[in-house]
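Structure, as C-alpha cells:
What follows draws every value from the coordinates through simple rules; no lab data is involved. Just so you know, these numbers come straight off a predicted model, no measurement behind them. Cβ placement follows ideal geometry from the backbone for every residue including glycine, while neighbour counts extend to all protein chains displayed.
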Amino acid sequence: MEKRNVNVNYIKVNSASFSSILSIGDTAYAGPKSRGIAVQKEGAIFTKKDEVQFKNYDLFSRKATWPKKAKHVRQHIHHHEPNINMEYASFIGIGSSSICQVGSIDKICAEARLKHFRILRNNESHTKK
C-alpha cells in the first residue's frame, strides 16, 4: 500500500458506536465486529423472563460465510497528488462495525450480527370491556 499524507481541515462526528472506527491516516487492517440483541416490548415493563442470552441463538456462534476471493487483478495505481486533502466532512453517526476512513486501507473484515425481538401484549388486553 502506497502511503500518503492526510490533511483534514474539519471533521465532525456526532456518534461513533458499536465497534465503529473513525480513522484518519493509513490503516493496514481493520476488523470491527459487533453483535447485539435488541428487545422491543409493548408496555416497556421488563421482567427476568424477558432476559435473552447470546448463547441461545445460533446466529452468534455460526461461522460467517464470506464471498469467495476474487481472482487477482494486476493493477497499477498512480496518485497524482502526494496528499489526501479534505476540507470538511460531517457525519450523524458511524455504527455497527462501520468505518469512516480518510486515507488508505489495505484489508478490512467487518461483521455485524443483530437479533431483534418484538414482544407484543396479548390481544385480550387490548379489547374494551
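Once amide H atoms are placed 1.01 Å from N in the peptide plane, what residues at a sequence separation of 5 or more from D26, or on another chain, have their amide H within under 5 Å of its amide H?
S104
Can you give me the relative contact order of the chain as a percent, contacts being Cα pairs under 8 Å and 6 or more apart?
Numbers: 190 pairs, mean separation 70.1, N = 129.
RCO, the chain: 54 percent.
From the phi of every residue in the range 22-36, what ³J(HN,Hα) in whole Hz does the Karplus formula 6.51 cos²θ - 1.76 cosθ + 1.60 yield, where θ is phi - 60° and glycine or proline is x?
Here the 3J(HN,Hα) series is 10, 10, 10, x, 7, 10, 7, 8, 10, x, x, 9, 9, 9, x Hz.
Given that compact globular proteins tend to follow 2.2 N^0.38 Å, what is the ratio of the alpha-carbon Rg of the range 8-129 to that value?
Working: Rg = 21.7 Å, N = 122, 2.2 N^0.38 = 13.7 Å.
It is 1.59.
Mind checking which lysines have their Cα closer than 24 Å to the Cα of K48? Skip sequence neighbours fewer than 8 apart in that chain.
Cα-Cα hits under 24 Å: K115.
Among all the aspartates and glutamates, which ones have a C-alpha under 20 Å from K55's C-alpha, if same-chain residues fewer than 8 places away are not counted?
Filter leaves E111.
D106 label point, 7 Å along Cα→Cβ, cut-off 14 Å on backbone N: hits in the range 1-28?
1-4, 26-28
Obtain the nm distance between the two label points defined at K49 and F91 by a simple spin-label model: each point lies 7 Å from its Cα along the Cα-to-C-beta direction.
4.3
Once amide H atoms are built 1.01 Å from N in the peptide plane, which residues 5 or more positions from S34, or in another chain, come under 5 Å H to H?
Hits under the 5 Å cutoff: E111, A112, R113.
May I ask which of K41/K63; K33/K63; K12/K69; K68/K107 have a Cα-Cα span longer than 24 Å here? Before the final figure, lay out each step's value.
On the way: K41/K63 30 Å; K33/K63 13 Å; K12/K69 35 Å; K68/K107 15 Å.
Pairs exceeding the cut-off: K41/K63; K12/K69.
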